[in-house]
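The values are calculated or read from the model by the stated rules, or taken from the named source; none is laboratory data. Small disclaimer: the values here were computed from a predicted structure and weren't measured. Don't worry about glycine lacking a Cβ; one is built from the backbone with ideal geometry, like all the others, and counts go over all protein chains shown. For accessibility, only protein heavy atoms count, side chains too; no ligands or nucleic acids. Shrake-Rupley method; radii C 1.70, N 1.55, O 1.52, S 1.80 Å.
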Amino acid sequence: MNIEECKELLDLFLARWTVENVLDMTLEEYVGLGNKDTFCQWIETRTRILGSIKGMTSIKFGIYERKDLTKRPKNYKNDEKYSWLKGYGVSRKTAFENTRSDLISIIKFSESGKFDLIDDILLPDLFKWKVAFLYSNERLIPIFKRDVLLKIAHRFGLKVDRNTKISDIQNVMMLNKPADLDVYSFMRKLYDEFGTDDDKIEIVGRTIRIKEMRTKRRAAGSRNIEAQIRKGGASYVAQQKHNKIQEALVKLLSDTYGRKNVLMEENFIDVKLIQPDYVSFYEVKSSSYASQCVKEALGQILLYSLNDRDERPRKHIIVGQYPANDNDIKYIEFLKQNLKLEFDYMNVAIE
């Protein structure tokens, strides 16, 4: 699969399993024999090309339906049909509710970039970090097998032992990701160096029929909440993240300068701030990194500024969700110095 197909597959997953759908999910929709549309089937099988979690028994899901109902694993809680982690409770109902609650926490921590809070969640690492990646806006590297992760961490100078946290390894991988590589290309590069032949086959040698999956996904239930698939130069999920960032920016500026001085969507400009001695143009992007936001926004914001009739001095600000990391800062400074452009990047946190 090429990168655009990876992105479209991620979009399909996020459209099928919105946060609202996970909140409303039943045990049968979460995991079950013979149902290829369960949450766990999507995580393990249908999105395998986005990072393999092959290995370990089905207990990695927290709770699962047994194929052989007569076999009850000794180390887990069991009833006549399901087995689950002991830490999730004494009944099937309680176990699933606790599993689902942990999934919601993982999703929310991932969306907000609070990855260190995921480490202590009870679900096994192999599964929970795959979930975290899928909801992270591609701000994690989709490698989840601990033996491979430890080799990579050692390669990048992180001292590791059996207690090393996955969030620390993910952080060091992200810091060492070349700016010109997307997370999928970097994943494959790392697997080439540190993975087994089976690992490489899992992520490269698998064919996914995107068209078939697209036609079978659930329709969006709400225009403003459900994810919308958009195709083009860069496939992405439009979960109204842009709108959320834009609204948060408007509130932030309004609280400081007054709402009457903050204009939204005037002449296609996301946000315009009017001040007595200058005007500021804000272009909002929802990409994973500041450098990508700048790459997407710079031409737009300059064109809007060029066509604007206000004669006051102008400031140009590109807005994203996440703070600029070291690689982002290098890229931004390179543009400013070599192209002699005056602009700034700012991040606005959203819920």
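Sorting 244, 260 by solvent-accessible area of protein heavy atoms yields 260, 244, largest first, with a 1.4 Å probe. Using bins of 10 Å that start at zero, the share of Cα-Cα pairs per bin across the chain amounts to 5, 22, 30, 24, 13, 5, 2, 0, in whole %. In terms of packing, defined here as the mean over residues of other Cβ atoms within 10 angstrom, the peptides 28-36, 179-187, 305-313, 338-346 line up highest first as 179-187, 28-36, 338-346, 305-313.
Suppose we keep just the DSSP beta bridges with both residues in the chain; what percent of those would be antiparallel, to 5? Percentage antiparallel, nearest 5: 60.
By the gyration tensor of its Cα atoms, with a ≥ b ≥ c the square roots of the eigenvalues, what is the shape of the stretch 1-119: rounded for a/c under 1.5, prolate for a/b over b/c, or oblate?
Note, shape of the stretch 1-119 comes out prolate.
Could you work out what % of the accessible surface of the stretch 269-351 is carbon and sulfur, using a 1.4 angstrom probe and leaving DNA, RNA and ligands out of the count? Ligands and nucleic acids excluded, carbon and sulfur give 52 percent.
Could you tell me the center-to-center distance, by alpha carbons, between the stretch 159-194 and the stretch 29-52 in angstrom? One Cα centre to the other: 24 Å.
For the stretch 244-351, report the accessible area per residue in Å² (1.4 Å probe, heavy atoms, rounded to an integer). Using a 1.4 Å probe on heavy atoms only, each residue of the stretch 244-351 averages 57 Å².
For the options 48, 92, 314, a Gaussian network treatment of the chain with springs between C-alpha atoms closer than 10 Å singles out 314 as fluctuating the most. Ignoring any ligand, DNA or RNA, what whole percent of the accessible area of the stretch 36-107 comes from carbon and sulfur when the probe is 1.4 angstrom? In the stretch 36-107, the share of accessible area belonging to carbon and sulfur is 48 percent.
For the stretch 120-160, applying the loop criterion from DSSP together with a ceiling of 13 other beta carbons within 10 Å to the trypsin sites (Lys or Arg not before Pro) yields 159. As I understand it, the value is the acute angle between the Cα axis of helix 92-112 and the longest principal axis of the Cα atoms of the chain; what does it come to in degrees, rounded to 10? Tilt relative to the chain: about 30 degrees. Residues 328, 68, sorted by accessible area with the largest first, give 68, 328 [1.4 Å probe; ligands and nucleic acids excluded]. Only aspartates and glutamates eight or more places from residue 74 in sequence, or on another chain, were considered; those with a Cα closer than 20 Å are 65.
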